[in-house]
Each structure stands twice: as structure tokens, then as C-alpha cells.
Amino acid sequence: MASLQPPLAYFLTWTTYGTRLHGDARGTVDCLHNQRGSAMVPESPGREERARLALSQDEYVMGDNERNVVDAAIRDHCGIRGWSLRALNVRTNHVHVVVTANTHHPGQVMEQFKSWGTRRLTSAGLIQRGRRDWTDGGSKRWLNFPEDLFEAVNYVQNCQ
């Protein structure tokens, strides 16, 4: 029986609270649209509006200070954990990370990055305690082949 090889890295992406809702024309992923190669949630202005009305607070968009704090938190956490950070891009409304962290499931890695980002934002006085800054979940892609890793790193380093 062949053993499974760990992935080369994970490509993680998550958004800030309220900035990308199901039905958005840019596409989202839900429990029915989450398989590799499957279509995203179709555009639906009605669904997007219902999601907006269900928000418990205003959307959260990061400025330069917030982005720098989250960037530093992720870099520091990788150092503490001994994870290899391959690429990082903290945008105003989402974060992309390519990281090798084979001792943890990608969902755990993402949640740790979010938690540490939130802690740092709160301690810096950039958000109030209890403020929702991230959406639940996010995209977690396993990068098993060198070409996948190369493409993900290139995308993260060059996305605008």
C-alpha cells in the first residue's frame, strides 16, 4: 500500500467580513460549489442582497496600517511554528497565503492566521474587541505538484 505524500504547500485565501457575499458577480464558494474544477456560486443580486441584510455589522475593509499588522502577524506566526511561508499578499478585502505547514490541516493553519491577525489588530487599537474582521472559512487548496506551487506563488506575488 502506497503512503500518501504530504502536499508541497497550501494556497489559502479568505476575505474580510462582509466584502464578498454569496451571489456576488466575482464568484464565491459554498457547500454545493466547493469541488476542484466545479463552478462557483452563480451571480445572484437577490441572494447577495439577502446576505448583505443578514450581516451583523458593517463590512470590514483594511487600510495600510491594518494590512501591515496582519502581514507581520502571519510572518511571525510562520516563524514561531516553523512553517515555510512561500508567498503572502494582504489586500484591503482579502488575504492570500502560500505556506508549507504539513503538521496541520489547512483549515487549522488558516484559523491560526486569522486569530493571530485579529489579536494583533485588536492590541494595536485598529479594531475593537468583538469586531468581526474575517468571514467564516475560506479557500484551502492543496498544492501537490511543483507547477501548482509555482503558479500559486506567482499569482499571490503579482495579484493586484
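A short reminder: the numbers here are calculations on the coordinates, not readings from a lab. Please read these numbers as outputs of a predicted model, since none were measured by experiment. Note that each Cβ is placed from the backbone with ideal geometry, even for glycine, and that neighbours are counted across all protein chains shown.
From the alpha carbon gyration tensor of the range 97-151, can you work out the equivalent ellipsoid semi-axes (sqrt of 5 times each eigenvalue) and give them in Å, largest to smallest? If you can, show how the numbers build up before the last one.
Values: eigenvalues 154, 22, 21 Å².
Equivalent-ellipsoid dimensions as semi-axes: 28, 10, 10 Å.
In units of the rule-of-thumb radius 2.2 N^0.38 Å, the range 68-160 shows an alpha carbon radius of gyration of 1.08. Taking the Cα centre of the range 40-160 as origin and assigning +1 to Lys and Arg Cβ atoms and -1 to Asp and Glu Cβ atoms, the resulting dipole is close to 400 debye. The modelled label-to-label distance for the pair residue 4/residue 158, using points 7 Å beyond Cα in the direction of Cβ, is 3.2 nm.
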